[in-house]
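See below for the structure under consideration.
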Amino acid sequence: MGYDHHQHERGPHHPAPLDPHWQSPPMPESARAPAGWSGRYSELPFRFRALLLAPVAVFSACAIAVGALFIYYTLVFPDPLSMRPKATGPVIRILGIDGNPIAERGVSRAYIPLDMLPPRVADAVVATEDRRFFEHRGLDPMGMLRAALVNLKNGRLTQGGSTITQQLAKNLFLSSDRTFARKAEELVLALWLELRLSKQDILELYLNRVYFGGGAHGIEAASRRYFGKSARDLNVAEAAVIAGLLKAPSKYAPSASPVQAIARGRVVIGKMLDAGLISQEEADEARAVEIRFSSMMRVPDQADMAYAVDYVLDVAARFEDADRDEIVIETTLDADLQRRAGEVVENALAAKGQLLEASQAAVVVLAPDGGIRALVGGRSYADSQFNRAVKAHRQPGSAFKPVVYLTAVEQGMSPDSLVEDAPVKAGRWSPKNENNRYLGETTLRNALAQSINSVAVRLLLDAGVEKVAATARRLGMKSPLRRDASLALGTSEVSLLDLAGAYGAFGNGGYVNEPYAVRRVTTGAGKLLYKRIDAKSDPAIPQRSVAAMNDMLATTVASGTGRRAAIPGHTAAGKTGTSQDFRDAWFIGYTAYFTGGVWVGNDDGRTMNKVVGGALPAEIWHDVMLAAHQGKVPLALPDASTRRAPPISGVPDRKAPRQEEDLIAKELARGTLERRDVVQVRGDQLQGETTITSGGRIIVRPPTR
């Protein structure tokens, strides 16, 4: 076969033309593409192909969205470790007139690292809150499935199936709303936290931020609240009790129910045993341990004291920077009376408020020295924190008339002086009596008892507006006062606290004492920051004038417009007040023991259904003062021949309970204290740091060595 010149010239870059009858050889079986997948997929209808691709597309979209959220969270949210709880101010403990705690404000946020806690503390929390905490990556599908089934069964969102990481995410960044949107964000944040932090960091942050009930945020605050010691000293039984609180802090808190707290703690011990975190021997030992709670863990329901406590905190605000840890405020408040006053307000409005179209009321009760025993600023603190007893200024109506009558008495008139009840004019203004009737000549006593408008205006015009205004100022009223004849009928707005304080001078013999609530302020270590000094002032009202006012105002309660306020066995005096168009109704009254004030109305100034001061306000005053006078011997009001000595502030109405001695006696009975530890100390042998309580007891702390 010879060399083909043409074939050589074509070479590899000049292939020969294809033969139209040529066929490629068959491919080997092993080299063929799978006949089923591409062919069969391409043969499927479009909607089926879309259905098969949908999960992939959804997964990809979710992955992109989650990744974008991770980037967003990293840019927007601070480093979670930088959100460790920091001291936000001192814990403020507020004591009542008897020395017992009535409220506590502020949050103790002492931070304790995880490696300083006994291992069983963390084990107890993990066992009850998230047994698979160290196994999952922030989400527990089995827990979520279990919660979903419960939610479907109940028809609403009742369980979240949240891991510890999810709970931390909610605590750090989210609200507590039970919505699916919030839950979805919680899931993503949990994954983000797991990427940013170690398991130890997550658990440490969680233990130091979570709420354990009783006002305690964080494991250290909870341990000190309930057991009076640091969390680093907790045993297994105590750790189980604290971990058990997380399910329902308000329900299981030892301050609310020690029995339920211990029972819940034993459930947690069982969970720790089931999870293999403790042995059977350790579980038995923990169940046998006697749980002893701190004597200081109980704080009364602060909702009952909220308005009064807010007032105390406003007054004592300047002391908040004096101590980083604790401030103790001793007040004049009577917790029992405060609670009863709140109940009276709620019951009265619940029974008659809707019919009378009255939605709010306020009450204040003062001791003769001006000490506030009870202060109710509204029907419900949860619904409105506005303190109507202190911050609301409303027209007092006829409750202002005693100021006018006192001015007239000081100018020489007496309760038996005759005055004219007849039409009177002040410029173009001509006030009318409520019933549009006039008695003609009547006594000053009867005119005040029947709240006759024409006589009050006539007395003001005779004395002069400036003198009446000066009398109001002398009685302690600070609000701006009108300089026209309408002042006699209470057209100038005043606060309930100021008006009650003014009436207090009639009951205590003529001494004007500004209402106050704070007696003493100390640090937790006992350093004195403030102490109220008893004023030694002369009386602001002459004795004869005090007697005349008490005569007339007692007649108002006995036979006048204030009859519903009368207290059996006690001499009471006071005055009703109703503003124009029944927008405000008042009763301000007093006895030898207390002065009380009541206001009823609506926040928006709506007209009530003909509510007058001698009706609902007098009834509320009667019920509150009846409780205040329980067990008290009747005393006469000051008259022309008797004037009591200036009252001393800070004297308790009841004997202070011997709380410390009782606690020592209980410990002795248990055998936890040796009798030699209890030392009897005579007053002439005091050594070390000495404290004299308001009740007169002497407490001695040994000198530091």
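What the table shows:
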read-out: In the range 367-388, the residues that are under 16 Å from W586 (Cα atoms) and hydrophobic (A, V, I, L, M, F, W, C); value: L375, V376
read-out: Number of positions in the range 561-572 that are in contact with a Ser or Thr (Cβ under 7 Å, 6 or more places away or on another chain) and buried (at least 22 other Cβ atoms within 10 Å of the Cβ); value: 3
read-out: Matching residues, the range 220-261, being β-branched (V, I, T), open to solvent by 20 Å² or more (accessible area, probe 1.4 Å) and under 27 Å from the mean Cα position of the chain (by Cα); value: V259
read-out: Qualifying residue in the range 161-171 (condition: modelled with pLDDT under 75, surrounded by 14 or more Cβ atoms within 10 Å (Cβ to Cβ), in contact with a helix residue (DSSP H, G or I) (Cβ under 6 Å, 6 or more places away or on another chain) and not in a helix (DSSP H, G or I)); value: yes
read-out: One residue from A585, A636, A558, A627 being open to solvent by less than 10 Å² (accessible area, probe 1.4 Å) and either part of a helix (DSSP H, G or I) or not aromatic (F, W, Y) (or both); value: A585
read-out: Counted residues, the range 595-614 - those being part of a loop (DSSP other than H, G, I, E, B), under 26 Å from G569 (Cβ atoms) and open to solvent by less than 10 Å² (accessible area, probe 1.4 Å); value: 1
read-out: Qualifying helices (runs of 4 or more DSSP H) (wholly inside the range 372-487; at least 2 residues being touching a residue at least 24 places away in the same chain (Cβ under 8 Å) and surrounded by fewer than 21 Cβ atoms within 10 Å (Cβ to Cβ)); value: 453-463, 465-474
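For every residue, the table says whether it meets (1) among the aliphatic types (A, V, I, L, M); (2) surrounded by 16 or more Cβ atoms within 10 Å (Cβ to Cβ); (3) modelled with pLDDT under 95.
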residue: G510; (1), (2), (3): no, yes, yes
residue: R520; (1), (2), (3): no, yes, yes
residue: K527; (1), (2), (3): no, no, yes
residue: I533; (1), (2), (3): yes, no, yes
residue: S537; (1), (2), (3): no, no, yes
residue: Q543; (1), (2), (3): no, yes, yes
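The values are calculated or read from the model by the stated rules, or taken from the named source; none is laboratory data. Being a predicted model, the structure only gives us computed values, none of them experimental. Backbone-built Cβ (ideal geometry, glycine too); neighbour counts: all protein chains shown. Please note that ligands, DNA and RNA were not included when accessible areas were found on the heavy atoms of the full protein model with its side chains. Shrake-Rupley method; radii C 1.70, N 1.55, O 1.52, S 1.80 Å.
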